[in-house]
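Please read the structure below before turning to the comments.
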Number of protein chains: 2
Amino acid sequence: MTSSLTLSSSSMPLLTKSLFFMECALKKAHIAYNKGEVPVGAVIVDINNNFKIISSSSNCKESSADPCGHAEILAIRNASSIIGDWRLTGMIIYVTLEPCLMCLAAIKEARLDGVFFAAYDSKGGALSLNYNLYKDKRLNHNFFVVGGIRSFESAKLLSDFFRAKRQNK
Amino acid sequence: MTSSLTLSSSSMPLLTKSLFFMECALKKAHIAYNKGEVPVGAVIVDINNNFKIISSSSNCKESSADPCGHAEILAIRNASSIIGDWRLTGMIIYVTLEPCLMCLAAIKEARLDGVFFAAYDSKGGALSLNYNLYKDKRLNHNFFVVGGIRSFESAKLLSDFFRAKRQNK
């Protein structure tokens, strides 16, 4: 799932850009929601290419019966497939939920420059559980992490999803 | 990449079984070696199904341009695809190199019962770097980890690979 969407103004401040890209990720989370999947979406953007969106994905762990079917992993694998390189240097990922340990480590493996996430995940989020590998100097790649961008919308979507699921049981 | 191979004697002790399955994983590592990939192989075995091999994979990160193309991730995704469930409960994974953080976390995500690995990886192995998530009670799944099975063969294959690579530079 790719998009050639670019921001019209390259001079737009990073925060404004980030709100826009998180909006794109939230749209992907809504797609997951409508398919009965935990609503998480991710978007990968190339900083050096006028912030072009390289790939975007929705969580599809249940429907694809894939334990690695998290939105971040899919967006990373799609982006690498598109550019023909496992190194996503110069790119950043936007994701609507704090990455789990597997996804945060995959972001390291792909050499992404950084991650913006929306809602915090106190039970499963790598950072919330103090697995701060993004700044571990023993590892071969470090990157930045910023949480909380559009966290309200993402947290509401997630709580709506789980409430509906409980009511349908 | 799957195999219907089963052990003839279900009463064979676990250590003997483990030596055999690590031998299978080492064969997969040799396939990676011959393709110019870092030689790592993995095999997933179903304990409840007479230790049947469900899937096996070789590292193909470079040739597939996939940062998630590690042997463990591929074996996990293959196994889930074969059984049609992201939960690999009752299964164990054999891998020729200590899993990195991404792969150890993927083993948790897939709910595997445990992991046997061969060579230790002091620079990139999750356990060697003290990321002991396999026994973290805050997480929703814990599993066993045993290292060192056939470590000599695996370590030799890896050092042969990197020596040849340096010489060809």
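General remarks:
- Any hit, region B:132-155, residues being crowded, with 21+ Cβ neighbours inside 10 Å, of a type in the set (S, T, N, Q) and modelled with pLDDT of 95 or more: yes
- Any chance A:Leu133 is at the interface with chain B (Cβ under 8 Å from one of its Cβ atoms), hydrophobic (A, V, I, L, M, F, W, C) and under 16 Å from the mean Cα position of the chain (by Cα): no
- Screening the candidates B:Val43, B:Val38 for the property of being closer than 17 Å to B:His70 by Cβ and either over 12 Å from the mean Cα position of the chain (by Cα) or surrounded by fewer than 20 Cβ atoms within 10 Å (Cβ to Cβ) (or both) yields one hit, B:Val38.
- Qualifying residue in region B:12-32 (condition: at pLDDT below 95 and more than 17 Å from B:Phe117 (Cα to Cα)): yes
- Residue match in region A:50-59 (condition: surrounded by fewer than 18 Cβ atoms within 10 Å (Cβ to Cβ), of a type outside the set (A, V, I, L, M, F, W, C) and in contact with a strand residue (DSSP E or B) (Cβ under 7 Å, 6 or more places away or on another chain)): yes
- When each of B:Ala79, B:Ala32, B:Ala25 is tested for being under 10 Å from the mean Cα position of the chain (by Cα) and touching a residue at least 24 places away in the same chain (Cβ under 8 Å), the lone residue that passes is B:Ala25.
- Filter pass, A:Ser128 being more than 9 Å from every other protein chain (Cβ to nearest Cβ), of a type outside the set (A, V, I, L, M) and over 19 Å from B:Leu74 (Cα atoms): yes
- Test: B:Ala65 is more than 19 Å from A:His70 (Cβ to Cβ) and in contact with a strand residue (DSSP E or B) (Cβ under 8 Å, 6 or more places away or on another chain): no
- Filtering region B:11-22 to residues that are over 14 Å from the mean Cα position of the chain (by Cα) and small (Gly, Ala, Ser) leaves only B:Ser11.
- Scanning region A:62-109 for residues that are of a type in the set (S, T, N, Q), crowded, with 21+ Cβ neighbours inside 10 Å and facing chain B (nearest Cβ under 8 Å) yields a total of 1.
- Filtered by the rule that a residue be more than 8 Å from chain B (Cβ to nearest Cβ) and of a type in the set (A, V, I, L, M), region A:136-152 gives A:Val145, A:Val146, A:Ile149.
- Every residue from region B:37-61 that is of a type in the set (Lys, Arg) and farther than 13 Å from B:Ile83 by Cβ: B:Lys61
The values are calculated or read from the model by the stated rules, or taken from the named source; none is laboratory data. On a predicted model such as this, the values are computed, not experimentally measured, just so you know. Neighbour counts are summed over all protein chains in view; Cβ atoms, including those assigned to glycine, are modelled from backbone coordinates with ideal geometry.
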